Amino acid sequence: MTHEQAKAQIKNLSAQLAQHNYCYYIEDKPKISDFEFDQLLRELQDLENQFPDLKLASSPTQRVGGDITKSFETVTHKYPMLSLANTYSKEELEDFINRIKKTVSDPVTFVCELKYDGAAIGISYKNGQFWRAVTRGDGSKGDDITANVKTIGSIPLQLKEGDWPEDFEIRGEIFMLTEGFEKMNAQRITEGLEPFANPRNSASGSLKMQDSAEVAKRPLDSFLYYVLMDDPTASTHFDSIEKAGSWGFKVPTLANKYLAKADDIDDIFDFINYWETARHELPFEIDGIVIKVNDFAQQQRLGFTAKSPRWAISYKYKAERVATQLQSVSYQVGRTGAITPVANLAAVQLAGTTVKRASLHNADQIEKLDLREGDTVYVEKGGEIIPKVVGVDMALRASDSTVLQYAKECPECQTTLIRREGEAQHYCPNDDACPPQIKGRIQHFISRKAMEIDGLGAETVDQLVREGLISNYADLYDLEKEALLPLERMAEKSAQNIVEGVAASKAIPFERVLFALGIRYVGETVAKKLARHFGNLDQLMEASLEDLINVDEIGERIAHSVLEFFANPTKVALIARLKEQGLQAEVVKQEGASNLMDGMSIVISGNFERYTRKELKELIEKHGGKNTGSVSGKTSLIVAGEGMGPSKRKKAEDLGVRIIDENEFAKMIDNE
């Protein structure tokens, strides 16, 4: 394929994928299957790899993520990003309406919107292309989280044809979908981790993650609804929202009742009362309704206080709380042996669902609440997907009630529980024989981020353990098709896929094998650091506490956990079996790798045309360099792109740090 042919095909594929993205995320009417979409995306990625100079800044491949950001650049908002005043009472809302009508002599109409329970965001577009995304921060300055927001499918990277201005900002809310949040928490509980508290905090936390590839996996969505520009193209807030929708943004509409015009307090409360009940059917959380003056000229006349606009207010719904009986407390065991106490309740209706169980988190929480079986407890779901016990009605406590004793033994294997100093959770130490830990460890081993074994899932692992075919992850490599065929619902093709998937996993690189072992506190990033530092498994297993702590960003807690793992004879025997089966136990040096940047700490800042940030970081690591997020006296070099923060540049110049652009970087590695 010639350069010109590739250019035309990249443009065509990018346009196709952008349109399919719009149909899927904005219109909720997909025109092709996920498989067909992935095939088009893969074709585009292959072409961009062959012709990197042709990659568009708004390429759909940017959705995949991969940029690592250690510290987020602070950006000054062009327009202050203020908070809204809020109220819980009809009387205060009526006072707000009356104040406006006294100030504005002309007739006033209002727009009512849902108050999405997520993270506020301001996104700038230049010439129809996504340029930068900034958090609210303190209202005057926020964090640049561009790489992370680019991964959210409902936010366009390239606008549709329209009368959009060359330079403008649109604001809205990024939130986490309820179903995705519940699946995430179910997985965390299985892995013995603390469940996330609520979708709002999870959305905010996701947007501040360092690895945008991880953000891309989070179930994030958005609504954008407030357009800011020097010369407005509409005279009302409502018309502005409709215009934004025509440009390709996901906006609230009259059709889905997420938006309404209102002439008076009765219209406003019709909207508030409707959603107080209907909100429980939404696929995301809201915590109230926002009421805004519709006319922009009237908004200007009303002005602002130091903290909020005088032309808008939020009416917040009260947190829902019910009383019910605590019948018993049971305990769940996660992959790492972490014990999670659960309140078993008399069934009660809360926020549109029947609640029978609620989180108790740990022994400290039980002691703090002074819980006793038979108590009448208050259960709340105020912005929390997982109901939680928040208090006890002491007036209804039985006189003969006894203090609740936290479990002393594992509910699954009856091993005495332990609680390490400084940790909130209890653990079952019988990790080699406790059934949930055995299954959880194998499920972690086969997961997509670890060994990625096709054909195997949680149900199949349960069946294999139950039938005695496996009792640890090393046993997977001894499985034969003939032994699998007698299993329930196991067809010959399924059995063959499992055997082939297990065999294919032997090519998975060492750092992922290390992550798959399930060493406590050794996640993907830590596994990669350990693998690159020690080079192979034998060197890592022989490392001392001092050796481990000398590894970049490895503290004593991780170091002790690694030492404890490799001091366990059972674990050592498993590793020996994995090595015999041919799994990767050392870092394979990449083709073209060098020591050109050995010992150098390099910062990447800004936006680039020739490379993605992920590609730059991979090249730095390939040539022996270390990626860092902030400029300091230890920084050796900065690779700067368009939009490098002025504060970062000034600091670099003050420290005498060399700054180069991406073309100089390319020459540097080509001439190596």
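The values are calculated or read from the model by the stated rules, or taken from the named source; none is laboratory data. Here the structure is a predicted model, which is why all the values come from computation and not from measurement. No Cβ is skipped: glycine too gets one built from the backbone with ideal geometry, and neighbour counts run over all protein chains shown. Surface accessibility is based on the protein's heavy atoms, side chains included, excluding ligands, DNA and RNA. Shrake-Rupley method; radii C 1.70, N 1.55, O 1.52, S 1.80 Å.
Among the GluC sites (Glu not before Pro) found in the range 142-228, those both in a DSSP coil and sparsely packed, with 10 or fewer other Cβ atoms within 10 Å of their Cβ, are Glu161, Glu166.
Given axes a ≥ b ≥ c from the Cα gyration tensor, I'd like to know whether the range 487-592 is rounded (a/c under 1.5), prolate (a/b larger than b/c) or oblate. Judged from the Cα gyration tensor, the range 487-592 comes out prolate (a/c at least 1.5, a/b above b/c). Each part gets one Cα centre, and for the range 106-171 versus the range 197-242 those centres are 6 Å apart.
With every protein chain present, what is the per residue accessible area of the chain (1.4 Å probe, Å²)? Each step should come with its number before you reach the end.
Working: 32610 Å² over 672 residues.
On a per-residue basis, the chain sits at 49 Å².
Hey, got the dipole for the chain? About the Cα centre, +1 on K and R Cβ, -1 on D and E Cβ, debye to the nearest 20? Before the final figure, lay out the partial values.
Working: 82 positive and 103 negative charges, 179 e Å.
Using Cβ point charges on Lys, Arg, Asp and Glu, the chain gives about 860 debye.
Relative contact order, whole percent, for the range 519-599 stands at 35, derived from Cα pairs under 8 Å and 6 or more residues apart. Cysteines in the chain that lack a partner Cβ within the 4.7 Å cut-off: Cys23, Cys112.
A simple spin-label model places the labels of Arg397 and Ala424 2.3 nm from each other, with each point 7 Å out along Cα-to-Cβ.
Pairs spanning more than 22 Å between alpha-carbon atoms, out of Lys160/Lys250; Lys101/Lys292; Lys126/Lys617: Lys126/Lys617. Stretching Ala347 away from Lys626 to a fully extended chain increases their span by 95.0 nm, per 0.36 nm per residue minus the current alpha-carbon distance.
Measuring nothing but how far apart in sequence close Cα pairs (under 8 Å, 6+ apart) lie, relative to its length, the range 90-216 scores a relative contact order of 27 percent.
What shape does the chain have by the C-alpha gyration tensor, where a ≥ b ≥ c are the square roots of the eigenvalues, rounded means a/c under 1.5, and otherwise prolate means a/b greater than b/c and oblate the rest?
Details: a/c = 1.79, a/b = 1.15, b/c = 1.56.
Judged from the Cα gyration tensor, the chain comes out oblate (a/c at least 1.5, b/c at or above a/b).
Lysine pairs in the range 467-571 with alpha-carbon atoms under 26 Å apart, 8 or more places apart or on different chains: how many are there? Let's see the in-between values first.
Details: Lys481/Lys493; Lys481/Lys506; Lys493/Lys506; Lys506/Lys528; Lys506/Lys529; Lys506/Lys571; Lys528/Lys571; Lys529/Lys571.
Taking the Cα cut-off of 26 Å, the pair count is 8.
Under the combined filter of DSSP loop state and at most 16 neighbouring Cβ atoms within 10 Å, the range 595-639 retains these trypsin sites (Lys or Arg not before Pro): Arg610, Lys634.
Residues whose amide H falls under 5 Å from that of His426, counting only those 5 or more places apart or on a different chain, are Ile339, Ala363, with hydrogens built in the peptide plane. Per residue of the chain, the DSSP helices (runs of n ≥ 4 H) give a summed -39500 (n - 2.57) that works out to -10500 deg cm²/dmol at 222 nm.
With the full set of protein chains in place, find how many percent of the accessible area of the chain is carbon and sulfur; take the probe as 1.4 Å. The partial results should precede the final answer.
Details: 15280 of 32610 Å².
Reported share for carbon and sulfur atoms: 47 percent.
Taking a straight Cα-Cα cut-off under 15 Å and skipping sequence neighbours fewer than 8 places away in the same chain, the aspartates and glutamates within cross-link reach of Lys261 are Glu113, Asp239, Glu242, Asp270, Asp295.
Compute the Cα gyration tensor for the range 78-130, then decide on rounded, prolate or oblate, letting a ≥ b ≥ c be the square roots of its eigenvalues: rounded whenever a/c is under 1.5, prolate when a/b is larger than b/c in the other cases, and oblate in all that remain. Each step should come with its number before you reach the end.
Working: a/c = 2.79, a/b = 1.74, b/c = 1.60.
In terms of gyration-tensor shape, prolate.
Taking 0.36 nm per residue of separation and subtracting the Cα-Cα distance, what length does fully extending Glu480 through Ser494 add?
Numbers: separation 14, 0.36 × 14 = 5.04 nm, distance 1.21 nm.
Here the answer is 3.8 nm.
Each peptide in 402-411, 367-376 receives the mean, over its residues, of other Cβ atoms within 10 Å, and ordering these scores from highest gives 367-376, 402-411. If the chain linking Asp266 and Glu459 were pulled fully straight, counting 0.36 nm for each residue of separation and taking away their Cα-Cα distance, it would gain 64.1 nm.
Over the range 74-146, what relative contact order in percent results from Cα pairs under 8 Å that are six or more residues apart?
Details: 69 pairs, mean separation 29.3, N = 73.
It comes to 40 percent, rounded to a whole number.
Under 12 Å of direct C-alpha separation, and excluding same-chain neighbours fewer than eight residues apart, Lys589 reaches these aspartates and glutamates: Glu621.
If the limit is 31 Å between Cα atoms, which of Lys115/Lys449; Lys115/Lys356; Lys11/Lys614 go over it? Table pairs above 31 Å Cα-Cα are Lys115/Lys449.
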